[in-house]
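Worksheet for the structure shown next.
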Amino acid sequence: MAMVASRAGVSGQTVSRVVNDSPRVDPATRARVEKAMAELGYRPHRAARALRTGRTHTIGLVVTTLATVGNSRMLQATAEAAERRGYALLVVTAASSIAEAFDRLQDQGVDGAIVLNEASALTRSAESPAGLRLVVVDGASDGSASAFVSTVFVSTVSSDHAGGATEATRHLLQGEHAAVHHLAGPADSFAAAERERGWRETLQDAGIDAPQIVRGDWSAESGYAAAAALESATAVFCANDQMALGLMRALAERGSRVPEDVSVIGFDDVPDAANYRPPLTTIRQDFPALAEAAVAALIADIEHAESTPSMLIPTRLVERSSTKMSS
């Protein structure tokens with residue numbers, strides 16, 4: 001650091017401010033220091049910085065699985081959001097015990113953690129991890145999904161699953177279908193429950209009795225298997241795009257045309273959705289915005305002890321060719 005300061009013609013304190021991304025450095029000086037750092041091959045020593053500041057600039061990400069598209073896209077978006085702020089990301093799985101996941105994170109000295117999607121439900125029965133700052137993604141905004149045994153409340157950031165489901169159901173009702181069926185996600189999923197809630201409330205508002213739901217497990221295989229129970233359906237709102245893909249394959253095999261005979265809408269807007277046959281109408285989740293909000297809330301708590309109110313990230317309808325509107 002002294003060599004960098006000498007080459008850049010600044011004080012060691014100024015170099016320290018640049019390294020720690022302090023706003024108290026004018027752009028020209030920052031550029032000169034960064035040029036000197038590059039010329040000398042200087043890299044901040046993370047372990048040494050942790051000893052000095054008490055922070056590792058590492059955050060944890062707790063997941064139950066990375067096999068689902070939503071979780072893998074959130075991992076990518078969270079890693080990018082953390083990197084932009086100079087934080088590393090450590091991923092742990094909590095397939096059986098979230099308490100063990102928290103223990104592993106604390107052993108690694110992370111400054112805080114983001115609990116992702118399905119793992120969020122596991123916090124309901126967990127002991128509060130002492131000293132570990134947390135943000136829950138897709139947890140109830142009233143705190144019920146973030147209320148630990150010791151009643152510690154943490155920030156929550158969620159997609160507007162219910163709002164997206166409402167938009168999907170209304171879109172199908174505009175096609176003058178007598179009813180809209182629902183291919184739901186797993187019963188223990190917060191996102192699936194919210195999407196089901198939006199579907200039910202929209203039908204109720206329209207004076208339509210909700211048909212019996214058919215439940216899948218997020219996979220295309222479960223969507224394919226669900227087709228047998230949806231034989232009478234003319235409009236199906238699927239809780240994710242993979243199940244919609246499986247359903248459309250089963251419909252094609254039995255000779256039902258999409259959208260002429262059955263309109264199908266998904267949720268997530270995976271990158272391949274536009275290349276389904278037919279291209280899938282779906283509800284787009286803004287994964288980058290969701291990750292950005294979660295990382296920003298966590299770092300605000302870590303660096304400034306600022307509590308962030310619960311946030312709801314909007315979704316939006318992407319209309320393609322798998323739904324048919326009335327003429």
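Read the figures in this text as sums done on the coordinates, not as results from a lab. These numbers come from a predicted model, not from an experiment. Neighbour counts run over all protein chains shown; Cβ positions are idealised from the backbone, glycine included.
Note the angle between two axes, namely the Cα long axis of helix 98-107 and the longest principal axis of the Cα atoms of the chain, as a number of degrees from 0 to 90, rounded to the nearest 10. Helix 98-107 sits at roughly 20 degrees to that axis.
One decimal place: the segment Asp209-Gln76 gains 43.9 nm when fully extended, by the rule 0.36 nm per residue minus the C-alpha distance. Dipole magnitude for the chain: computed about the Cα centre from +1 point charges on Lys and Arg Cβ and -1 point charges on Asp and Glu Cβ, it is near 1360 debye. Over the chain, DSSP H runs of length four or greater, each weighted -39,500 (n - 2.57), average out per residue to a 222 nm ellipticity of -12500 deg cm²/dmol. Projecting the Cα positions of Ala250, Ala192, Leu230 onto the charge dipole of segment 161-285 (unit charges on Cβ atoms of Lys, Arg, Asp and Glu, taken about the Cα centre) puts Ala250 furthest along the positive direction. The stretch between Met3 and Ala95, if pulled fully straight at 0.36 nm per residue, gains 28.3 nm over its current Cα-Cα span. Each peptide among 174-185, 211-222, 298-309 gets the average number of other Cβ atoms lying within 10 Å of its residues, and from highest to lowest they stand as 174-185, 211-222, 298-309. Taking the chain as a Gaussian network, where each spring joins two C-alpha atoms under 10 Å apart, which residue of Val135, Val92, Val264 fluctuates the most? Comparing Val135, Val92, Val264 in a Gaussian network model of the chain, the most mobile one is Val92.
Below 8 Å, C-alpha to C-alpha, sequence gap of six or more: please give me the relative contact order for the chain in percent.
Averaging sequence separation for qualifying contacts and normalising by length gives 15 percent for the chain.
Does anything in segment 232-256 have its amide N under 18 Å from the 7 Å Cα→Cβ label point of Ala274, and if so which residues? Within reach of a label on Ala274, which here means backbone N under 18 Å from a point 7 Å along Cα→Cβ, segment 232-256 contributes 241-242. Given a Förster distance of 51 Å, report the FRET efficiency between Arg197 and Ser22 from their Cβ-Cβ distance, rounded to the nearest 0.05. Result of the calculation: an efficiency of 0.65.
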